[in-house]
Structure formats: C-alpha cells, structure tokens
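Note sheet for the following structure.
The values are calculated or read from the model by the stated rules, or taken from the named source; none is laboratory data. This structure is a prediction, so every number in the text was calculated from the model and none was measured. In this analysis, Cβ positions are derived from the backbone assuming ideal geometry, glycine residues included, and neighbour counts consider all displayed protein chains.
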Amino acid sequence: MTEPRYKRILLKLSGEVLMGEGGLAIDPAITARVASEIAEVKARGYELCIVVGGGNIFRGLAAAAKGFERATADYMGMLATVMNALAVQNALEQIGVDTRVQSAIPMASVCEPFIRRRAERHLEKGRVVIFAAGVGSPFFTTDSGAALRAAEMKCDALFKGTSVDGIYDADPKVVKDAKRYDTISYDTVLSANLKVMDASAVALCRDNNIPIVVFNIREHGNFASVLSGEGVSTIVQTLETPNASL
Ligand code: UDP
C-alpha cells in the first residue's frame, strides 16, 4: 500500500458550507452531512484540525460598509465562528467523533482557549480539534486563521472545503467554458488576484510550503476521494518553473 500523501491536515470550512436553501444560517441536516464527510476521513486515520468561518452569520467587512465600526463588526464576526464551531462539534459528536473546540478569544464556559500544545495532545489522542475565532484579532479573516493554525500545528496541507470543485480562470456559474486548474502556483493565485483565499493566507501558506487544496465538500465522498488523490480539486503549491535559475 502506498503511504498517504498527507497525515495531518487542516480543513477550512467556510460558514456558507453550513447554510441551508431557505437562508437558514446553520442547517442541521447540511451540517450533519458535512460532519459525516469529516468522520469518513477521520476513520481513515488522518489527524484533523478544522477552522470554521462565520460568513453565514456575520461578516465584519459587510457590516462596516453599512455603518458599523469595523473592529466591533469583526469581533461580532469572530463570535459567529464560535457558533459554527459548536454546531460542527455537535454534529461530529452525534456520530461518535471525539472533538474539542479551541477559541482564539477565550470564553471559558463555552470552549477551551487556543493552546497549541494542548491542541497537539488532542490530536495525539485521536480527537478532532476545531479552531474558532480566527486569529482572534479584527481586520483578519478565518482564511488567515486557517493558514496560521496549519503552520502552527505543522499540518501537511490546508484543505479548503467550499461549494465549488476547485479554482477556475473565470466564474464557472457565469462563464460556461471556464477552465478549472488541477494545480496552480501560489504566485499565480496572488498575481491574478484569484478569489481562493485572502492574499495574506495564501502568502503564509507559500512561505511555509503548505499546499492549499480547494475542493467541493458538499459532494458526497469527495473529501475522502480528494485526500486519496482521486477526487476533483485544485492544488495551490509551488510549481517548478523551467529555467527558474536563468
Ligand atoms: N474575523 C476577524 N478576525 C479573524 C477571523 C474572522 O475579524 O481572525 C471576522 C471577520 O469580520 C469575518 C468574520 O469574522 O468577516 C467571519 O469570518 P470569515 O469571513 O472568514 O468567514 P467565512 O467567509 O470563512 O465564512
């Protein structure tokens, strides 16, 4: 049997992945489906960290555009991510996956504070660690939180679970023959301003050589397939350029 490419991975879940059809911010059935995809991967022996977003509930930037003070709005956004983290924890524990939530903003009666060494112990004990509240500071997003935790926890890859199956050269919902990349370099993502993750998150992954795998987590079985190198995704990584030394 060939060794799996990655052992420890960080899964970034955008808040919208938990949303239901009728605008329900956290749809229990959809959250349960996402949890079952995660459980399947966990059962295959991967070590799993999760960072959850909050965009299904509150986004600081959008609220600031409507007159909120930006930092306050961002703190509200971070609190939204804690709600999502608890929803994912609840869905995972209902199907027997042991988890811990750690928040970058301490809230002792709700979850653990972020403590890297303790998170490490949880992973060793086979628990899934869900990181909430991004980096814990306004003017950031959970993409940056995901890149930061992936680097701190020495994850082999950052998997970005979305509702599209990779990165395209144009919006596939608008442009019919938009082309999906199998692999693409960090620098191309940054220079072409492709909306994959924040530039700061992409740069942090590039500087720490952490591949970013963009895939559709809403498609049944896809997370496990992509991990085993079969499913459809786009991998952002350092690409060898011929004549790079010239
Ligand atoms: N946020 C923040 N600092 C962080 C992470 C998140 O201020 O480190 C706030 C920010 O307002 C953001 C909101 O929390 O809009 C929700 O996170 P995000 O937009 O990243 O969620 P996603 O798009 O992944 O659902």
request  = Go through 85, 71 for me and flag whichever is modelled with pLDDT of 95 or more, touching a Cys at 6+ places or on another chain (Cβ under 9 Å) and in a helix (DSSP H, G or I).
outcome  = 85
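What residue, among those in segment 97-118 that are within 15 Å of residue 52 (Cα to Cα) and among the small types (Gly, Ala, Ser), is surrounded by the most Cβ atoms within 10 Å (Cβ to Cβ)? Before you say what the answer is, go through the steps one by one.
Keep residues of segment 97-118 that are within 15 Å of residue 52 (Cα to Cα), which gives 99-105, 111, 114.
Next cut, among the small types (Gly, Ala, Ser) only: 103-104.
Numbers: 103: 24, 104: 22.
Per the stated criteria, the residue is 103.
Yes or no, residue by residue, for (1) more than 16 Å from the chain's Cα centre (by Cα); (2) surrounded by 22 or more Cβ atoms within 10 Å (Cβ to Cβ); (3) within 14 Å of the ligand (Cβ to nearest atom); (4) not aliphatic (A, V, I, L, M):
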residue: 12; (1), (2), (3), (4): no, yes, yes, yes
residue: 19; (1), (2), (3), (4): no, no, yes, no
residue: 34; (1), (2), (3), (4): no, yes, yes, no
residue: 54; (1), (2), (3), (4): no, yes, yes, yes
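Looking only at segment 227-246, count every residue that is aliphatic (A, V, I, L, M) and assigned to a strand (DSSP E or B) and tell me the total.
Just the residues of segment 227-246 that are aliphatic (A, V, I, L, M), to begin with: 227, 232, 235-236, 239, 244, 246.
Next cut, assigned to a strand (DSSP E or B) only: 235-236.
Total meeting the criteria: 2.
Can you tell which of 185, 137 is at pLDDT 95 or above and within 16 Å of the ligand (Cβ to nearest atom)?
Working: 185 fails: within 16 Å of the ligand (Cβ to nearest atom).
Within the list 185, 137, the selection yields 137.
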remark   = Output for Cβ contacts, cut-off 6 Å, separation at least six or different chains, first residue more than 20 Å from residue 16 (Cβ to Cβ) in segment 65-79, second more than 7 Å from the ligand (Cβ to nearest atom) and part of a helix (DSSP H, G or I), reads 70/64
remark   = Note on segment 112-134: residues within 16 Å of the ligand (Cβ to nearest atom) and either in contact (Cβ under 8 Å) with a residue 60 or more places away in the chain or in a strand (DSSP E or B) (or both) are 113, 130, 131, 132, 134
remark   = Counting only residues in segment 56-68 that are assigned to a helix (DSSP H, G or I) and more than 6 Å from the ligand (Cβ to nearest atom), the one nearest to residue 161 (Cα to Cα) is identified as 62
note = Checked pairs for segment 40-61, first touching a residue at least 40 places away in the same chain (Cβ under 8 Å) and of a type in the set (Gly, Ala, Ser), second assigned to a strand (DSSP E or B) and surrounded by 18 or more Cβ atoms within 10 Å (Cβ to Cβ), C-beta under 7 Å and 6 or more apart or across chains, list as 53/13
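Do we have residue 20 as in contact with a helix residue (DSSP H, G or I) (Cβ under 9 Å, 6 or more places away or on another chain), at pLDDT below 95 and part of a loop (DSSP other than H, G, I, E, B) here?
Working: in contact with a helix residue (DSSP H, G or I) (Cβ under 9 Å, 6 or more places away or on another chain): yes; at pLDDT below 95: yes; part of a loop (DSSP other than H, G, I, E, B): yes.
So residue 20 passes the test.
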note = Just one listed residue, out of 224, 201, 147, is assigned to a helix (DSSP H, G or I), touching a Cys at 6+ places or on another chain (Cβ under 7 Å), among the small types (Gly, Ala, Ser) and within 23 Å of residue 16 (Cα to Cα), and it is 147
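Yes or no, residue by residue, for (1) touching a Pro at 6+ places or on another chain (Cβ under 7 Å); (2) within 27 Å of residue 108 (Cα to Cα); (3) of a type in the set (A, V, I, L, M):
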site: 5; (1), (2), (3): no, no, no
site: 15; (1), (2), (3): no, yes, no
site: 51; (1), (2), (3): no, yes, yes
site: 59; (1), (2), (3): no, yes, no
site: 72; (1), (2), (3): no, yes, no
site: 81; (1), (2), (3): no, yes, no
note = For residue 25, the lone unmet condition from (1) touching a strand residue (DSSP E or B) at 6+ places or on another chain (Cβ under 9 Å); (2) hydrophobic (A, V, I, L, M, F, W, C); (3) farther than 25 Å from residue 120 by Cβ is (1)
query = Got at least one residue in segment 218-227 being at positive phi, of a type in the set (Gly, Ala, Ser) and more than 16 Å from the ligand (Cβ to nearest atom)?
reply = yes
query = For segment 144-187, which residues satisfy the criterion of being under 18 Å from the mean Cα position of the chain (by Cα) and free of Cβ contacts under 8 Å to residues at least 40 places away in the same chain?
reply = 152
